[in-house]
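Everything below concerns the one structure shown next.
Values quoted throughout were computed directly from the atomic coordinates according to the rules given, and no laboratory measurement underlies them. Treat the numbers as computed from the prediction; the structure is a model and nothing was measured. Using ideal geometry, Cβ is built from the backbone for each residue, glycine included, and neighbour counts are taken over all protein chains shown.
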Amino acid sequence: MKKKAFPVESSGGTEKVYKKRSQFTSAMRRYRKSKLAVLGLIMVIFLVLIALSADLLADYETDAIRQNMSIRLEEPNAEHIFGTDQYGRDVFARVVHGARISLLGGIGSNIFAVIIGLIIGSIAGYFGGKLDNVLMRLMDILMALPFSILAIAIVAGLGTGLDKTIIALGIASVAPFVRLIRASILSIKDQEYIEAAKSCGTSNFRIIYKHIIPNVMGPLIVQLTQNVGRNIISLAALSFIGLGVQAPMPEWGTMLSEGKQVLRFSPYLVTIPGIAIVITVMAFNLVGDGLRDAFDPRLKN
């Protein structure tokens, strides 16, 4: 690993003291060397800015929700750059507001899974024993079920709506995070600094929170980023079959479901939200792949 020199005054003159870069700094340097990863990050930032400024780009109530049958199924033009749907709603307004819903669903469900995964994985990895066996067998049951089937079953039990869909996707995503966190904790819980903390009388909670969790954040962030794209697709799929976000909310999967009814005459109603899904998922996958390579210990040299 490269070291950075810092000038230090001494009795014999100015000397250079070399200080190791942190693991995070080194990882970010490797990340910047990947053009595709940087492109993915730029795309993600652009999508987030669109989602945050959706109200400035188009009014939600008048353009994205309100029906106007006098301008229904207008093809893309100067006034409506993405055209209008079968209810006279502006497709551009629905796409930009749909970005907010899709990103909230994809990122929010993963944050929910990370929180639950940190709790269960930390308990299982740090304390071990019978509790570890019970928790991991529960995670094995979750992982034995196909992700989509599990998400559909949870949504069917909780009900439809964005909040319930986020919880359902989060529960379906928990098991991989638990196993990742548990494996990371098992590899570091017997290190000298953990033993030193125990010998000083530090509580188990403080050891987990202060000393262990910061050391598993690298692989955790990589896993989270790679899962966002999958959960965005799953949210769109659930909305497409009527189990996710319900109309008239402008979610991309809902737009695909509504657009398929007039696909033969107005293909742009399906093409435009489909392209939005592809671009968003590709951006997060590029970021996830770049982070994975950056944090991979085998690539340090």
- Item | In Hz, Karplus ³J(HN,Hα) per residue of region 160-171 (6.51, -1.76, 1.60; θ = phi - 60°; x = Gly, Pro) | 8, x, 4, 4, 5, 5, 4, 5, 4, 5, x, 4
- Task: On a C-alpha basis, how far is the centre of region 37-51 from the centre of region 156-233 in Å? Whole number, if you could?
- Result: 25
- So how do V262, V44, V134 line up by other beta-carbon neighbours within 10 Å, fewest first? V134, V262, V44
- Item | Listed residues A276, I45, P250: farthest to the positive end of the dipole of the chain (Cβ charges) | I45
- Note on the structure: Of the convex hull drawn through the C-alpha atoms of the chain, the volume per residue in Å³ is 187
- Listing K130, K189 from the residue with the fewest other Cβ atoms within 10 Å to the one with the most, what is the order? K130, K189
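Can you give the translational diffusion coefficient of region 103-248 in µm²/s, computed by Stokes-Einstein from the Kirkwood radius over Cα pairs at 20 °C and 1.002 mPa s?
On the way: Rh = 16.1 Å.
In µm²/s, the coefficient is 133.
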- How do L131, L162 rank when sorted from fewest to most other Cβ atoms within 10 Å of their own Cβ? L131, L162
- Place +1 on the Cβ of every Lys and Arg and -1 on the Cβ of every Asp and Glu in region 114-205, take the dipole about the Cα centre, and give the residue among G128, A197, L162 whose Cα lies farthest towards its positive end. L162
- Query: Taking region 39-104, which GluC sites (Glu not before Pro) meet the DSSP loop condition and have no more than 12 other C-beta atoms within 10 Å?
  - Reply: E79
- Relative to the present Cα-Cα distance, how much length would full extension add between S53 and K35 at 0.36 nm per residue of separation? 3.8 nm
- Message: Just to be sure I understand: with springs between alpha-carbon atoms less than 10 Å apart, which residue in V91, V278, V155 has the highest mean-square fluctuation in the Gaussian network model of the chain?
- Response: V278
- Message: In whole Hz and in residue order, list the ³J(HN,Hα) couplings for region 232-242 that follow from phi through the Karplus curve 6.51 cos²θ - 1.76 cosθ + 1.60, θ = phi - 60°; x for Gly and Pro.
- Response: 5, 5, 5, 4, 5, 5, 5, 5, 4, 8, x
- Message: If the only charges are +1 at each Lys and Arg Cβ and -1 at each Asp and Glu Cβ, what is the size of the charge dipole of region 34-299 around the Cα centre, to the nearest 20 debye?
- Response: 820
